[in-house]
Every structure is written in structure tokens, then in C-alpha cells.
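The structure under discussion appears below in the form of C-alpha cells.
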Amino acid sequence: MILLLLLSLTASLRAQSGYAEVERIYRDSAAPDRELGAILEAEPENPWVLDFLALVERDRGRWEEGLSLVQKAFRLDPNQAWHRKVQGELLMAAGRPAEAAQAFAAAVERETREEVRFALFQQQQGAELAAAQRRAQEEEMAGFAARLRILGILALVVTAAALVLALRR
């Protein structure tokens, strides 16, 4: 029993230190993609490396590539809230706030630390607000486009009427 507890604790500490090292590389390295890629070659199933590589892709504006990486991380470790947080950040950067809000909500559900849950909830609320703003803009643009079509039709009617009047003279 004690041996199992020690093995579990050791694995947890190793995972936490792995996260810390990967985060340090992401934040401090001049070429995080090269360093993280080297770690990923040695540890192809390291979800932390996949997440931080996804953030590198986000920073480069390559959102779909980043989303693909974070999906792999999620498949490897489905209960980790961080993967959904990274997914939400990528979706926000890609201009997909409604999907980002769903990812942040999933992160809130998986997170156990209350202070982190609150921060994730704030990100979820921000994404929901951005999604609502986007919907309002789209509705406004749709209304504007409809008004332009009506004006175009009216212009044709006026032109046709003017032509008829000119032909009558």
C-alpha cells in the first residue's frame, strides 16, 4: 500500500516537474519549437509538450496546427483542464469565441483548484461576451446587406422608370 502511494506521488511529482520544465522552455527559449520538438521526439506521448507546442503555433498564427496538437494532448490525458484551456486560447485567437467558451467551460468542469476554476470561468465569460458581440455584428451586417439589396432593387426600378419616361418622349 505504501509502495503504491509512493509510486503515485513520484509519478505526480515527475509530471509536475515535466510541466515546469516545458513551461520554462516555452517562456524563456529563443527557439521553443526546436527544444520542445526534441523533447517530443524523446517523449512522443508527453501532453505538456504538445500543449506548449500548440501555444507556439498560436503565437505564429497557425491555429489549426495548434488545435491539432492540443487534441492529441487531450486524447492522452482527457481529465486535465489545462488542455481545454489551451484549446480555448487557440479558438479565441482563431476568431471562434463560441467554441472557445465551450472549451473554457470544459476546463472549469475538470479543474479542482478553486482559484484556477475562477480564472478559467473569467476566460469563459470573456469568450461568451466575444461570441455575443460577433453574433450581434453578423446580425447587423445581415440587416445592412438586406437594406443594400432593397436599395439596389429600388435603383433598378427608378432606372427602368426613367428609361420608360425617356422612351415616351
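If you place +1 on the Cβ of every Lys and Arg and -1 on the Cβ of every Asp and Glu, how big does the dipole about the Cα centre of the stretch 24-169 come out, in debye to the nearest 20? If you can, show how the numbers build up before the last one.
Numbers: 20 positive and 22 negative charges, 229 e Å.
That gives the stretch 24-169 a dipole magnitude of about 1100 debye.
Could you state, as a whole-number percent, how many of the C-alpha pairs of the chain are farther apart than 24 Å? Working shown, then result.
Details: 7468 of 14196 pairs.
Value for the chain (Cα pairs over 24 Å): 53 percent.
Tally Lys/Arg at +1 and Asp/Glu at -1 over every other residue whose Cβ is under 13 Å from the Cβ of A162; what's the total? Write out the running numbers ahead of the final one.
On the way: positive: R168, R169; negative: none.
Spelling it out: positives minus negatives among the neighbours equals +2.
For the chain, which whole percent of the accessible surface, found with a 1.4 angstrom probe, sits on carbon and sulfur atoms?
60 percent
Go ahead and set up a Gaussian network model of the chain, Cα springs under 10 Å, then flag whichever of L120, L154, L76 fluctuates most.
L154
Calculate, for the chain, the solvent-accessible area per residue in square angstrom, rolling a 1.4 angstrom probe over the heavy atoms of the protein chains.
66 Å²
Ordering D51, D77, D59 by accessible area with a probe of 1.4 Å, largest first, what comes out? Walk me through the numbers before you get to the answer.
Numbers: D51 0, D77 45, D59 95 Å².
So, going from the largest accessible area down, we get D59, D77, D51.
The values are calculated or read from the model by the stated rules, or taken from the named source; none is laboratory data. Please read all numbers here as calculations on a predicted model, not as lab measurements. Reconstructed Cβ throughout: ideal geometry from the backbone, glycine too, with neighbour counts over all protein chains shown. The area values use the complete protein model at the heavy-atom level, side chains included, leaving out ligands, DNA and RNA. Shrake-Rupley method; radii C 1.70, N 1.55, O 1.52, S 1.80 Å.
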